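Here is the structure we will look at.
Laboratory data are not the source of any read-out in this text; all were calculated from the coordinates shown. Since the model is a prediction, treat every value here as computed from it, not as a measurement. Heads up, the Cβs are rebuilt from the backbone with ideal geometry, glycines too, and the neighbour counts pull from every protein chain shown.
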Amino acid sequence: MNLRASIPLLFPLLVTCLLLGQGLDPKVLRQQPTSAWPTYNGDYSGRRFSPLKQINSTNVHNLSLAWASRFSSASASVPITIKSTPLLVNGVLYLTAPNNVWAADVRTGRELWHYQYPPNTGSTIGNRGVGMYENWLFFETPDSHLVSLDAKTGKERWKIEIADPKLDYTSTVAPVVVGNHILIGIGGDHLDNPGFLESRDPETGALQWKWWTTPRKGEPGIESWPDEYASAHGT
């Protein structure tokens, strides 16, 4: 094998491998999305807007299909519907459906890895996506767990219960990363339970703080409710 002659052929492949292996630079989260879509809304503004101008009203009609891929789960008892906003970081798409996370090459649609959470009794109404911190991904499961994955391999790092599955909480949101905080939310309207927002440590999943949507006994604002029962049930 002529090594010198092979270098021009190998170089693009090496660059591709390096790019696919890079983690998320936190600075990207504070910028308008151009070469990446690193969080659910694109950036912290929540506008879901990119300042790129290559595609506009004068040429959008020239777009054509680049690729189409089917992402499936072997253990799904019902057809999977993808309702998530994919993240795009360093050439990799990260997308979800209830109990499932996939990574795919943005240029070809080729699946890079697939993580499947064990079957459970939680509601599979939908999942809005993952959050990303450096080389780690975070997503909520139908049975109210927060799971962290290695973004390079899809291997599970840890999982933590964030609400009692027996209380029929709804866990569908895409986690939002702010600094070293993983922000997640839970809804409990099915059984008239109060929802909450909480922050978790990206390293360990440890609880940093928790805020209930209606005040609890001893908390500011409880005096505005007629009694504790009304506050606990949001009515």
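Calculate, in whole percent, how much of the Cα-Cα pair population of region 170-235 lies beyond 14 Å. Spell out each step's value before the answer.
Values: 1323 of 2145 pairs.
Beyond 14 Å sits 62 percent of the P(r) for region 170-235.
Considering just Cα atoms, how many Å³ per residue does the convex hull of region 125-188 enclose? Before the final figure, lay out each step's value.
Details: hull volume 5.0 nm³, N = 64.
Roughly 78 Å³ of hull volume per residue.
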By average Cβ neighbour count within 10 Å, what is the ranking of 135-141, 121-127 from highest down?
135-141, 121-127
Order of 151-159, 208-216 by packing, highest average Cβ count within 10 Å first?
151-159, 208-216
In terms of Cα to Cα distance under 16 Å, which aspartates and glutamates are near enough to residue 159, apart from those fewer than 8 places away along the same chain?
140, 143, 150, 198, 201, 203
Calculate the radius of gyration of the Cα atoms of region 126-235 to one decimal place, then report Dmax, the largest Cα-Cα distance, as a whole number, both in Å.
15.2, 52
Taking each pair of different alpha-carbon atoms in region 84-147 once, compute 1/r for the pair, average those values, and report the inverse of that mean as the Kirkwood hydrodynamic radius in Å to one decimal.
12.1 Å
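Using just the helices of the chain, give the 222 nm mean residue ellipticity in deg cm²/dmol: DSSP H runs with n ≥ 4 each add -39,500 (n - 2.57), and the total is spread over all residues, rounded to 500.
On the way: 2 runs with 25 residues, N = 235.
The helix contribution divided over the chain gives -3500 deg cm²/dmol.
Viscosity 1.567 mPa s, temperature 4 °C: give me the Stokes-Einstein translational D for the chain in µm²/s, with Rh taken as the Kirkwood radius over C-alpha pairs.
Values: Rh = 19.8 Å.
It comes out at roughly 65 µm²/s.
Taking only Cα atoms of region 39-144, what ratio of Rg to Rh do you get with Rh as the Kirkwood inverse-distance radius? Mind showing how you got there, number by number?
Values: Rg = 15.5 Å, Rh = 15.5 Å.
Answer for region 39-144: 1.00.
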